[in-house]
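Colleague: What follows is a single structure, and I will ask about it in a moment.
A short reminder: the numbers here are calculations on the coordinates, not readings from a lab. Computed from a predicted model, the values in this text were never measured in an experiment. Every residue, glycine among them, receives a Cβ derived from its backbone with ideal geometry; neighbour counts consider all protein chains shown.
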Amino acid sequence: MSNARTRPGADSWKKTACILCSINCGLKVQTEGRRITKIIGDKEQPVSKGYVCEKAQRMDWYQNAGDRLTSPMRRTAEGDYEAVDWDTAIREITGRLNAVRDTHGGDKILYYGGGGQGNHLGGAYVEAWLKSLGVKYRSNALAQEKTGEFWVAGKMFGAGTHGDFEHCEVGVFLGKNPWQSHGIPRARAVIRELAKNPDRCLVVIDPRRSETAQKADIHLAVKPGADAWLMAAMAGMIAQEGWLDEEWIEQHTVGFEQVRPFLQNVPVAEYAAHSGVSLEQIEEVARRIANAKSVSFFEDLGVQMSVHSTLVSYLQRLVWVPTGNYGKEGTANAFVPFLSLGKASKGQLGGKGKRKVAQLSPVAGAKIITGLIPCNVIPEEILTDHPDRYRAMVIQSGNPVHSLADSQRMREAIRALEFSVAIDVAMTETCREVDYVLPSSSQFEKPEATFFNLEFPDNVFHLRQPLFEPLEGTLDEGEIVARLLEASGELGESDYGALRLAARAGLTAYGLAFMAMVSAKPKLMRYVAPVLYRTLGPTLPGGMEMGAVAWGLSLMYVRSSPLAARRAGFSGPALLAANRLFRALLDSSSGLVFARSDYEESWNAVRRPEGRINMAIPELLEEAEKLQEGPIAADPDYPLILSAGERRSDTSNTIIRNAGWHQKGLYAGLRISPHDAAALGCEDGDALRLSTRRGVADVQVEISDMMSPGHISLPNGTGIDYGGQDGEIRQLGVAPNELTDSMSRDFLAGTPWHKHVPARLEKLG
């Protein structure tokens with residue numbers, strides 16, 4: 001293998017992927033200098049197959065944002081920042097963090113990150129650094145979105161599942177607008193196919209008449225925050241009308257007899273009234289689901305960041321599981337991951353993955369799910385005199401000050417730490433609060449890969465080559481972590497020499513040498529990623545050094561899922577199969593199928609006695625009984641419900657730090673219904689004052705018939721601090737989390753209520 005790097009010219013097409021959602025659609029791009037000049041879909045990508053939406057067309061705005069970092073930065077005593085060289089930064093950061101560890105223990109260092117949107121391989125490398133520090137607790141964006149759903153899926157199935165919307169007879173999107181947020185491959189094409197086929201049915205459950213809802217056969221316009229009553233009513237109606245698949249329940253589930261009394265006693269008409277959806281509509285959808293050959297559900301942030309989020313995750317499964325919609329075409333199935341999200345969250349990237357993690361956070365006593373501290377309790381874990389409080393934070397490819405609830409309190413928490421460091425591509429809102437900032441190369445300046453591999457029966461992994469040389473002054477996470485571990489004496493030439501020699505002889509020789517080395521030096525398993533980076537990495541072609549970690553992941557995968565690997569063409573002894581897979585990943589610029597499953601495997605993944613789905617979750621059945629108390633009364637001081645963070649075609653995650661991304665309409669406009677606009681006496685573009693219990697912002701109104709009366713929304717990704725050429729910091733738009741409350745959160749998972757923020761609007765002046 002050669003380490004010569006190829007440079008694409010202005011007329012050459014290169015393969016890469018979009019980084020703006022979990023699907024990572026394959027792209028073909030042309031570049032000129034450091035600009036991405038042309039973008040089309042890659043028809044050879046096995047999942048996206050040439051599909052691309054308009055958001056991918058703006059990837060150049062990410063690559064060329066105005067506040068890219070080009071030097072390590074150190075906070076001065078005056079609160080400003082000064083540039084320092086890499087050696088100084090590495091030495092001082094190592095000393096400061098080691099001092100916290102040695103004085104208070106590594107468990108007093110909190111890690112936030114693990115791979116921001118599109119930046120996933122970096123998390124694998126940073127994990128090795130955390131192990132050297134003894135870091136025990138971690139958090140990231142998944143902990144304000146998916147942990148409730150993960151917990152429910154774990155209790156019921158013991159495995160992650162995903163719906164088959166390509167083939168389902170009925171597709172249901174709950175708090176999900178895939179037209180904008182995707183979440184399934186070829187989202188817009190799939191929606192069109194569902195909607196136009198008279199034998200199929202598209203159902204959308206959303207307070208908004210979203211782009212997806214506009215195309216649906218049935219739109220259930222649930223009241224904001226009333227999803228639990230709607231799901232309970234639907235599940236109750238199916239049970240009470242005798243529409244359950246009793247034979248299937250008997251054969252494939254356990255614990256349903258504990259659930260049946262609850263379903264039989266649901267006051268369906270009363271709960272329908274609470275939900276704002278007519279009884280007739282509920283019956284129509286319930287009957288359609290019960291009679292369908294296949295049903296797929298997809299819940300997302302609209303419910304996962306709202307009241308009753310974990311309960312709704314459970315109740316919606318009480319609709320489709322007892323009607324027999326698992327383990328067959330067109331239904332939910334268990335995918336085979338390249339690396340389990342649960343293990344990745346826990347930092348289990350090597351060895352047997354059995355590192356013990358406390359089940360509750362040390363100060364707030366919050367439930368830790370998939371190894372993640374709930375984001376909303378982070379300030380509570382710091383702003384206290386409790387002896388177990390966090391004393392330091394390591395933040396990588398994340399922006400908690402802007403992205404988590406109650407930005408004011410998050411800033412206060414970070415400032416209260418004894419030490420903090422961030423690794424990022426730009427001087428983000430979070431970076432402006434920490435003690436040191438290390439500039440990383442962008443997702444297009446280093447190897448990157450997919451992470452949310454959720455497809456069934458064929459699952460795809462895409463290891464992507466860099467499009468550009470790293471921006472001068474930046475380093476990729478592999479180099480950063482290797483330097484940090486070398487500076488602390490954890491790794492050195494004695495750990496590398498033999499493996500470097502073996503790498504020159506090829507993957508087989510390297511694999512055998514690696515096995516021998518980790519047997520002789522077990523500590524190397526703690527630092528797998530940087531060891532691979534330093535030894536195997538330099539032999540990889542085209543600037544792919546950071547891609548070396550994929551060799552280790554390949555070996556882990558073929559050992560854990562040999563049958564799925566064999567079906568995909570990667571058979572033989574583990575080392576041989578892993579080498580074949582790794583070579584294929586390097587050679588396939590469009591990504592490849594690494595796992596091929598069947599429906600029997602979907603059932604084998606159900607980690608319950610005799611492969612049966614567990615229907616009874618006592619904590620949530622108890623919570624469901626509380627629905628009889630009815631909805632919480634509206635606050636007369638804040639009569640509107642704000643959805644903070646709506647996905648729109650013209651907004652993106654905060655990795656896009658350039659206002660030039662915006663193409664049309666009002667930037668960061670507050671969407672309100674015509675009814676509410678008339679009541680306020682305002683017109684499109686008028687300025688209003690938006691108030692919540694935590695903050696105030698001036699907004700411009702965008703009147704939209706998407707919104708129901710009493711429901712308003714702000715987009716995600718706005719309110720970013722932009723650094724101008726003159727050094728001035730400017731903010732454009734509204735930062736939604738200046739208005740949210742960290743104390744408004746799910747009772748079990750601690751996920752925030754970003755989509756249900758009590759608010760009021762007033763005319764300015």
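Colleague: Place a point 7 Å from Cα of HIS386 in the direction of its Cβ. Which residues in segment 743-763 have their backbone N less than 15 Å from it?
Modeller: Output list for this probe position: 743, 750.
Colleague: Classify segment 170-243: rounded, prolate or oblate, from the alpha-carbon gyration tensor (a ≥ b ≥ c, eigenvalue square roots; a/c under 1.5 rounded; otherwise prolate if a/b is larger than b/c)?
Modeller: Oblate, because a/c is 1.5 or more while a/b does not exceed b/c.
Colleague: Normalising by the residue count of segment 634-763, find the relative contact order in percent from Cα pairs under 8 Å and 6+ residues apart.
Modeller: Over segment 634-763, the number comes to 38 percent.
Colleague: Given a Förster distance of 51 angstrom, what is the FRET efficiency for GLU250 paired with LEU680, based on the Cβ-Cβ distance and rounded to 0.05?
Modeller: Efficiency, from the Cβ-Cβ distance: 0.35.
Colleague: So, one more: Rounded to the nearest 0.05, what FRET efficiency do GLU241 and GLU629 have when you use their Cβ-Cβ distance and R0 = 45 Å?
Modeller: Approximately 0.95, to the nearest 0.05.
Colleague: So for the chain: antiparallel DSSP bridges make up what percent, rounded to the nearest 5?
Modeller: Around 50 percent antiparallel, to the nearest 5.
Colleague: Also: Treating the beta-carbon of each Lys and Arg as +1 and of each Asp and Glu as -1, no other charges, what is the dipole magnitude of segment 634-763 about its Cα centre, to the nearest 20 debye?
Modeller: 320
Colleague: Same structure again: Put a dot 7 Å past each Cα toward the Cβ at ALA498 and SER571; how far apart are the dots in nm?
Modeller: 3.4
Colleague: Principal axis extents for segment 20-152, Cα atoms only, whole Å, descending order, please.
Modeller: For segment 20-152, the Cα spread along each principal axis is 55, 45, 24 Å.
Colleague: Would you list the P(r) distribution for segment 634-763, with all Cα-Cα distances sorted into 5 Å bins from 0 and each bin expressed as a whole %?
Modeller: Taking every Cα pair in segment 634-763, the percentages come to 2, 11, 20, 23, 20, 13, 7, 3, 1, 0.
Colleague: How large is the charge dipole for the chain, taken about the Cα centre, if only the Cβ atoms of Lys, Arg (+1) and Asp, Glu (-1) carry charge, to the nearest 20 debye?
Modeller: 2380
Colleague: Let me ask something else about it. Among GLY645, VAL696, GLY681, which residue has its Cα positioned farthest towards the positive end of the charge dipole of segment 634-763, with +1 placed on the Cβ of Lys and Arg, -1 on the Cβ of Asp and Glu, and the dipole taken about the Cα centre?
Modeller: Towards the positive end, the residue furthest out is GLY645.
Colleague: From zero outward in steps of 10 Å, how is the percent of C-alpha pairs of the chain spread across the bins?
Modeller: 3, 14, 24, 27, 20, 9, 2, 0
Colleague: Step through the residues of segment 559-574 one at a time and calculate ³J(HN,Hα) from phi using the Karplus curve (6.51 cos²θ - 1.76 cosθ + 1.60, θ = phi - 60°), rounding each to whole Hz and writing x for Gly and Pro.
Modeller: Whole-Hz 3J(HN,Hα) from phi for segment 559-574: 6, 7, 9, x, 5, 5, 5, 5, 4, 7, x, 10, 10, x, x, 3.
Colleague: Once every Cα of segment 441-565 carries one equal point scatterer and solvent is ignored, give the base-10 log of I(q)/I(0) from the Debye formula at q = 0.14, 0.19 Å⁻¹, two decimals.
Modeller: -0.67, -1.15
Colleague: What net charge is computed for the residues neighbouring VAL266, neighbours being all others with C-beta under 12 Å from the C-beta of VAL266, Lys and Arg scored +1, Asp and Glu -1?
Modeller: Net charge around VAL266: -2.
Colleague: Lys and Arg at +1, Asp and Glu at -1: add these up for the other residues within a Cβ distance under 14 Å of ALA502 and post the number.
Modeller: Charge balance in the 14 Å sphere: +2.
Colleague: Counting only other residues whose beta carbon sits under 12 Å from that of GLY665, what net charge do I get with K and R as +1, D and E as -1?
Modeller: So the surrounding residues net to 0.
Colleague: Of the DSSP beta bridges with both residues in segment 634-763, give the percent that are antiparallel, rounding to the nearest 5.
Modeller: Just about 70 percent of them are antiparallel.
Colleague: Over segment 439-522, what is the relative contact order in percent, taking alpha-carbon pairs closer than 8 angstrom and at least six residues apart?
Modeller: 23
Colleague: Given the rule -39500 (n - 2.57) for each run of at least 4 DSSP H residues, summed and divided by the residues of the chain, what is its mean residue ellipticity at 222 nm, to the nearest 500 deg cm²/dmol?
Modeller: -9500 deg cm²/dmol
Colleague: Students often check this: by mean Cβ neighbours within 10 Å, which of 140-148, 479-487, 507-515 ranks highest, and how do the rest follow?
Modeller: Descending mean neighbour count gives 140-148, 479-487, 507-515.
Colleague: Another question, if that's okay. In terms of the Cα gyration tensor, with a ≥ b ≥ c the square roots of its eigenvalues, is segment 417-499 rounded because a/c is under 1.5, prolate because a/b exceeds b/c, or oblate?
Modeller: oblate
Colleague: Still on this model: Run the numbers on the chain and let me know its relative contact order in percent, using alpha-carbon pairs under 8 Å that are six or more apart.
Modeller: In percent, rounded to a whole number, it is 18.
Colleague: How far apart, in nm, are the 7 Å Cα→Cβ label points at GLU270 and VAL696?
Modeller: 4.2
Colleague: Let me ask something additional. For a quick protection proxy, order the peptides 97-108, 639-650 by their average other-Cβ count within 10 Å, most packed first.
Modeller: So the order, starting with the most tightly packed, is 639-650, 97-108.
Colleague: Take each of the peptides 520-533, 679-692, 305-318, average the number of other beta-carbon atoms within 10 Å over its residues, and list them starting from the highest.
Modeller: 305-318, 520-533, 679-692
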